[in-house]
Amino acid sequence: MLRLAILGVGLIGGSIGMAARERGRAGVTGYVRNPDRAGECVELGAADRMANSIEEAVADADIVVCCASVGSMVEMARTALEAAGPDCVVTDVGSTKQELVEALASDQRFVGGHPLAGAETAGVANARADLYEGARWYLTPAEGTSGVLYDRVQKLVKGIGARPVAIAATEHDQAMAVVSHLPHVFA
């Protein structure tokens with residue numbers, strides 16, 4: 001069984017944790033910035049246990065999923081990569097990829113990711129194990145990304161019910177600008 005670390009256990013991260021746990025794919029260690037919310041994550045089944053720091057959460061992880069705002073994703077992923085072991089893969093769930101991939105592409109352990117799933121609500125209280133069922137999940141590996149680690153992320157994504165699709169970071173961002181971000185601007 002994989003050891004999964006989820007950094008940011010809200011709607012998206014919590015749903016990943018629930019799906020991985022319920023399907024027997026991984027043991028889950030979570031991390032949230034606000035320690036007052038840690039107990040709720042375990043009570044709701046989004047994590048088996050909670051860590052007090054990013055470093056503690058990723059210490060023995062096979063896969064780390066960074067679930068933060070796009071603006072703080074580079075810093076979170078860098079911290080995770082610095083603390084993670086040499087055979088640990090770090091991925092994310094951010095809606096933009098090019099800046100993140102460019103910042104982290106020198107580390108073969110990083111694979112950008114973006115699940116096309118969500119809800120109108122936020123927070124771990126609204127997380128659900130079936131959120132990713134049948135959803136497209138973009139993966140944006142860089143040229144130097146480890147094939148073995150990329151496969152590990154792909155297997156996790158499939159294992160929680162989503163459909164992984166490889167795409168270049170620039171193509172991803174162009175597509176998202178047209179189908180997602182541009183309509184928000186007009187609205």
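Worth pointing out:
- Meets criteria (without any contact (Cβ under 8 Å) to a residue 40 or more places away in the chain and outside any strand (DSSP E or B)) for Asp130: no
- Figure legend. Inter-residue proximity from region 139-152: first residues over 21 Å from Leu2 (Cα atoms), second residues open to solvent by less than 50 Å² (accessible area, probe 1.4 Å) and among the small types (Gly, Ala, Ser), beta-carbon distance below 7 Å, spacing 6+ or different chains. Indicated pairs: Thr140/Gly112; Thr140/Ala168; Thr140/Ala169; Ala142/Ala105; Gly144/Ala105.
- If you go through region 44-96 and pick out every residue that is out of contact with any strand residue (DSSP E or B) (no Cβ under 7 Å at 6 or more places or on another chain) and in a strand (DSSP E or B), you end up with 0.
- Residue satisfying all of: in region 40-55; of a type outside the set (Val, Ile, Thr) and closer than 14 Å to Ala77 by Cα; least open to solvent (accessible area, probe 1.4 Å) among these: Ser53
- Those residues of region 14-34 which are in contact with a strand residue (DSSP E or B) (Cβ under 8 Å, 6 or more places away or on another chain) and open to solvent by 20 Å² or more (accessible area, probe 1.4 Å), in sequence order: Arg21, Arg25, Gly27, Tyr31, Val32
- Boolean, Gly39 is of a type outside the set (A, V, I, L, M, F, W, C), without any contact (Cβ under 8 Å) to a residue 24 or more places away in the chain and outside any loop (DSSP other than H, G, I, E, B): yes
- The condition of being assigned to a strand (DSSP E or B), of a type in the set (Ser, Thr, Tyr) and more than 24 Å from Gly24 (Cα to Cα) holds for only one of Thr140, Thr145, Thr121, that being Thr140.
- Given (1) among the aliphatic types (A, V, I, L, M); (2) at pLDDT below 90; (3) loosely packed, with under 13 Cβ neighbours inside 10 Å, number of the condition Ala168 does not satisfy: (3)
- Residue match in region 125-141 (condition: acidic (Asp, Glu), modelled with pLDDT under 90 and either over 20 Å from Gly71 (Cβ atoms) or surrounded by 13 or more Cβ atoms within 10 Å (Cβ to Cβ) (or both)): no
- Residue ID - farthest from Thr140 (Cα to Cα), chosen from residues in region 89-107 that are open to solvent by less than 30 Å² (accessible area, probe 1.4 Å) and touching a residue at least 40 places away in the same chain (Cβ under 8 Å): Val89
- Index of the failed condition, Arg78 passing every other in (1) without any contact (Cβ under 8 Å) to a residue 40 or more places away in the chain; (2) open to solvent by less than 10 Å² (accessible area, probe 1.4 Å): (2)
- Yes/no for Ala5 being small (Gly, Ala, Ser), surrounded by 24 or more Cβ atoms within 10 Å (Cβ to Cβ) and closer than 16 Å to Arg152 by Cα: yes
- Evaluation of Phe110 against the conditions (1) open to solvent by 60 Å² or more (accessible area, probe 1.4 Å); (2) modelled with pLDDT of 95 or more shows that the sole unmet condition is (1).
The values are calculated or read from the model by the stated rules, or taken from the named source; none is laboratory data. All of these numbers come straight from a predicted model, not from anything done at the bench. With ideal geometry, Cβ positions are generated from the backbone for all residues, glycine too; neighbour counts draw on all protein chains shown. Each accessible area value is taken on the protein alone, full model and side chains, heavy atoms only, with ligands, DNA and RNA left out. Shrake-Rupley method; radii C 1.70, N 1.55, O 1.52, S 1.80 Å.
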